[in-house]
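One structure is given here, and the rest of the page talks about it.
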Amino acid sequence: MIYLNLFLAFLKIGLFTFGGGYAMLPMIQEEVTAHDWLNQSDLIDFIAVSESTPGPFAVNIATFVGARTGGIFGSICATLGVVLPSFVIILIVAKCYAKFKSSRLVVGAMNGLKPAVVGLIAAALLSLSQTVFFPAGLSVSVLGTAQFYVSPGIFAAAVVLAFKKLHPILIILLSAVIGVITGYVLQI
Amino acid sequence: MKRIPKTISLLLTFMKIGLFTFGGGYAMIPLIQRETVENKNWISDEDILEIVAIAESTPGPIAINAATFIGYRVAGFLGALSATLGVVLPSFAIITVVSFVLAEFQNVRWIQYAFNGIRAGVLALIVKALWSMYKQSPKGIFSYLIMLGAFVVVAFLPINVIFVILTCAVVGIVQALIMSRRDKK
């Protein structure tokens, strides 16, 4: 049953996400947390793993969630699920490409979808940042502790570096180093 | 006979593409261009632009879309199959190994500290992705309303993402139809 669930969940992700990469994040977040396959922290950790390993994000996370929950066969089912919709749809589009390109329906749908993806990623970002900045929940007592300021500090520095076009892998490495140092210093 | 070597060649080329691009999606386009246009002469530079446009307007990962499309152009259905398999295989193998290694090391103290730092760094990467998506998105009051609407609905209401995606696609289509009717008058 887990295999079928993995296949169907990732089929849905493959079918309803436009733009690839982080555009898939809102759907992936919804599916993996709804099934309790990963919690929010696991998901963020895995985004880091995916950025530091080759290949498309969607395939990486499908394989990872599949392997975690159903072993090798689970990872095959999840990966197959995320790939299948693209594969079938592109085969159809490749056959009637000229019609597809000039279709007013496709152009119109994209005009609605592109801004929607921006809003959806913003929503995913909001809920993920709650997990990162307030791991123990929102309360006034955490404001007095030093470790509360570590994550926002790393985040602010990383945003600056990301917009200076530093490679994502270097940003992840730097954040890891700061995390280890502050972890031992503050004994979190 | 001529088709068999081409499918093998597609498989190997796309394995290389899958193995040497980090981050996926648009990060793959330059390598795809170098391999399939410059090295193999399978398609032209214009085709690459078309492929990006198609990959953007069809669901699914961009890398998979591009691999399937190019494979089909070059060698039909079997070509599509081998190119797609090629681009997926390296990720699949590497992540399967990583997932088992990660499970082993997750309780080590310094690794936990490292991931505490990494999580904040990853948020920054998402902010960057959000910014580039915003830049690619059409501007104007119509787009801003959709952005805001999608954000508010998913962030604060128990409504699922698929529903929002479908609604926004329909709204986009309706708007395009209204605009074109207005143009005719």
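The numbers here are math on the coordinates, done by the rules we state, and not lab data. None of these values were measured; they are calculated from a predicted model. FYI the Cβ positions are ideal-geometry reconstructions off the backbone, even for glycines, and counts take in every protein chain you see.
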| How big is the gap, in Å, between the Cα center of segment B:16-71 and the Cα center of segment A:1-80? | 22
| field | Value of relative contact order over chain B, rounded to a whole percent, pairs C-alpha under 8 Å and six or more apart | value | 20
| remark: At 4 °C and 1.567 mPa s, the Stokes-Einstein diffusion coefficient in µm²/s for chain B, with hydrodynamic radius from the Kirkwood sum on alpha carbon pairs, is 65
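Using Cβ counts within 10 Å as a stand-in for footprinting exposure, how do A:R104, B:R182 rank, fewest first? If you can, show how the numbers build up before the last one.
Working: A:R104 12, B:R182 8.
Going from least to most buried by this count: B:R182, A:R104.
What is the sum of charges, Lys and Arg at +1 and Asp and Glu at -1, for the other residues whose Cβ falls under 10 Å from the Cβ of A:K12?
Working: positive: none; negative: A:E30, A:E31.
In short, -2.
In this model, which of A:K99/B:K184; B:K128/B:K184; A:K114/A:K164; A:K95/B:K16; B:K16/B:K139; A:K12/B:K16 are farther than 30 Å apart at the alpha-carbon? Let's see the in-between values first.
Values: A:K99/B:K184 21 Å; B:K128/B:K184 40 Å; A:K114/A:K164 25 Å; A:K95/B:K16 27 Å; B:K16/B:K139 37 Å; A:K12/B:K16 28 Å.
From the list (A:K99/B:K184; B:K128/B:K184; A:K114/A:K164; A:K95/B:K16; B:K16/B:K139; A:K12/B:K16), the Cα-Cα distance tops 30 Å for B:K128/B:K184; B:K16/B:K139.
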| query | What number, rounded to the nearest 500 deg cm²/dmol, is the helix-based mean residue ellipticity at 222 nm of chain B, given -39500 (n - 2.57) per DSSP H run of at least four residues and division by all its residues? | reply | -28000 deg cm²/dmol
| Relative to the compact globular guide of 2.2 N^0.38 Å, what is the alpha carbon radius of gyration of chain A, as a ratio? | 1.20
| task | Describe numerically, in nm with one decimal, the distance between label points set 7 Å from Cα along Cα→Cβ at B:F20 and at A:V107. | result | 3.8
| How are the Cα pair distances of the protein assembly as shown distributed, in percent, across 10 Å bins from 0? | 5, 23, 32, 25, 11, 3, 0, 0
| message | Only Cα pairs within less than 10 Å get springs; with that Gaussian network setup on chain A, which residue of A:A98, A:A123, A:A162 has the largest fluctuation? | response | A:A98
| Can you list, bin by bin at 5 Å, the percent of alpha carbon pairs in segment B:63-131, starting at 0? | 4, 15, 12, 11, 14, 15, 12, 9, 6, 3, 0
| note | Ranked by GNM mean-square fluctuation in chain B (Cα springs under 10 Å), the top entry among B:P90, B:P158, B:P59 is B:P158
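Would you tally the net charge around B:Q106, using a Cβ to Cβ cut-off of less than 12 Å, leaving B:Q106 out, and scoring K and R as +1, D and E as -1?
Details: positive: A:R68, B:R109; negative: A:D42, A:D45, B:E104.
Summing Lys and Arg as +1 and Asp and Glu as -1 gives -1.
Rounded to the nearest 0.05, what FRET efficiency do A:S52 and B:N107 have when you use their Cβ-Cβ distance and R0 = 25 Å?
Details: r = 20 Å, r/R0 = 0.81.
The calculated FRET efficiency here is 0.80.
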| said: What number does segment B:3-105 give for Rg over Rh if you use C-alpha atoms and the Kirkwood radius? | reply: 1.01
| query | Between A:K99 and B:I178, what FRET efficiency follows from the Cβ-Cβ distance if R0 is 25 Å, with the result rounded to 0.05? | reply | 0.65
| remark: In units of 2.2 N^0.38 Å, the Cα radius of gyration of segment B:138-185 is 1.33
| said: For Cα pairs less than 8 Å apart in space and 6+ apart in sequence, what is the mean separation divided by the residue count of chain A, i.e. the relative contact order in percent? | reply: 24
| At 222 nm, what helix-only mean residue ellipticity would chain A give, in deg cm²/dmol to the nearest 500, using -39500 (n - 2.57) for each DSSP H run of four or more? | -26000 deg cm²/dmol
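Place a +1 charge on the Cβ of each Lys and Arg in the protein assembly as shown and a -1 charge on the Cβ of each Asp and Glu, then give the dipole magnitude about the Cα centre in debye, rounded to the nearest 20.
Working: 25 positive and 15 negative charges, 232 e Å.
Its charge dipole is roughly 1120 debye.
Can you tell me the convex hull volume per residue for segment A:45-132, based on C-alpha atoms, in Å³ to the nearest whole number? Intermediate results must be reported in sequence, preceding the final value.
Working: hull volume 11.0 nm³, N = 88.
Given the Cα convex hull of segment A:45-132, per-residue volume reads 125 Å³.
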| Label points 7 Å out from Cα along the Cβ direction at B:I141 and B:A53: separation in nm? | 3.0
| remark: The residues B:M179, B:M28, sorted from fewest to most surrounding Cβ atoms within 10 Å, come out as B:M179, B:M28
| task | For a footprinting-style exposure proxy, rank B:D183, B:D47, A:D45 by other Cβ within 10 Å, fewest first. | result | B:D183, B:D47, A:D45
| If you take the beta carbon distance between B:S44 and A:L186 as r and set R0 to 41 Å, what does 1/(1 + (r/R0)^6) give as a FRET efficiency, to the nearest 0.05? | 0.10
